[in-house]
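The values are calculated or read from the model by the stated rules, or taken from the named source; none is laboratory data. Note that the structure is a prediction, hence the values are computed from the model and not measured. A quick note on method: Cβ atoms are made from the backbone with ideal geometry, for glycine too, and the neighbour counts reach across all protein chains shown.
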Amino acid sequence: MQNNLKVTLVITVMLVLSACASVPNGPSAMALLGTGKNFDQFRYDDAICRQFAHEQIGGATANQASSDSFAKSAVVGTALGAAIGAAVDGGRGAGAGAATGLFIGSLIGVDEGNASSYRTQRHYDNAYIQCMYAKGHRVPVSGHIEQQPVYGQPSTNAPYPPPPPPAGYRPSDAPR
């Protein structure tokens, strides 16, 4: 009876923890209507770019990636806990070990699920932004992007040299 209570408690905690985070099933980046484009063209391009981004992440949403990562951690934790519990207590501790492993695996799975969800969403957003930009729409970005200088050309960040002295200038004419 007490083992059933423990298992029920662990499963309840696992379900509560897995419901903590939810990621949108679309872009979390903004795209604006491009110059010379109409709204119908924007909607059409948006649909195509959403499909393109979805394909780039392997057809899974960020929430699916999170759930898969969480479930894998919980299963691995349960198996390891059962094996350790059985080894320590001669086979009688497998249930307690499995429950403990499920709990610890679930805790680790929450963190892994969040990280997996974030990576998947970023990858989706990057693909979506690239597609919308390529179709001529405006995509606000933050930060400062510097171009690398071409080999053999001076850097654009270097200060300009001083102008040449005026014609007929003599150093003795300089103010003191």
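Scan (1) buried (at least 17 other Cβ atoms within 10 Å of the Cβ); (2) β-branched (Val, Ile, Thr); (3) modelled with pLDDT under 75; (4) under 16 Å from residue 107 (Cβ atoms) for the single condition residue 12 breaks and write down its number.
The one condition residue 12 does not meet is (1).
Considering only region 53-67, how many residues are crowded, with 22+ Cβ neighbours inside 10 Å and either assigned to a loop (DSSP other than H, G, I, E, B) or in contact (Cβ under 8 Å) with a residue 60 or more places away in the chain (or both)?
Of all residues in region 53-67, those crowded, with 22+ Cβ neighbours inside 10 Å come to 53, 62, 65-66.
So of that shortlist, the ones also either assigned to a loop (DSSP other than H, G, I, E, B) or in contact (Cβ under 8 Å) with a residue 60 or more places away in the chain (or both) come out as 53, 62.
Of the residues in that region, 2 qualify.
Among (1) more than 16 Å from residue 116 (Cα to Cα); (2) at pLDDT 85 or above; (3) touching a helix residue (DSSP H, G or I) at 6+ places or on another chain (Cβ under 8 Å), which single condition is residue 84 missing?
(2)
Taking the condition of being of a type in the set (Ser, Thr, Tyr) and surrounded by fewer than 16 Cβ atoms within 10 Å (Cβ to Cβ), how many residues in region 68-85 meet it? Give the derivation first.
Within region 68-85, the first condition is being of a type in the set (Ser, Thr, Tyr), and the residues that meet it are 69, 73, 78.
Checking the rest, the ones that are also surrounded by fewer than 16 Cβ atoms within 10 Å (Cβ to Cβ) come to none.
Residues in region 68-85 being of a type in the set (Ser, Thr, Tyr) and surrounded by fewer than 16 Cβ atoms within 10 Å (Cβ to Cβ): 0 in total.
Look at residue 127 and say whether it is surrounded by 14 or more Cβ atoms within 10 Å (Cβ to Cβ), at pLDDT below 75 and in a helix (DSSP H, G or I). Break it down into steps so the answer makes sense when it comes.
Details: surrounded by 14 or more Cβ atoms within 10 Å (Cβ to Cβ): yes; at pLDDT below 75: no; in a helix (DSSP H, G or I): yes.
So residue 127 fails the test.
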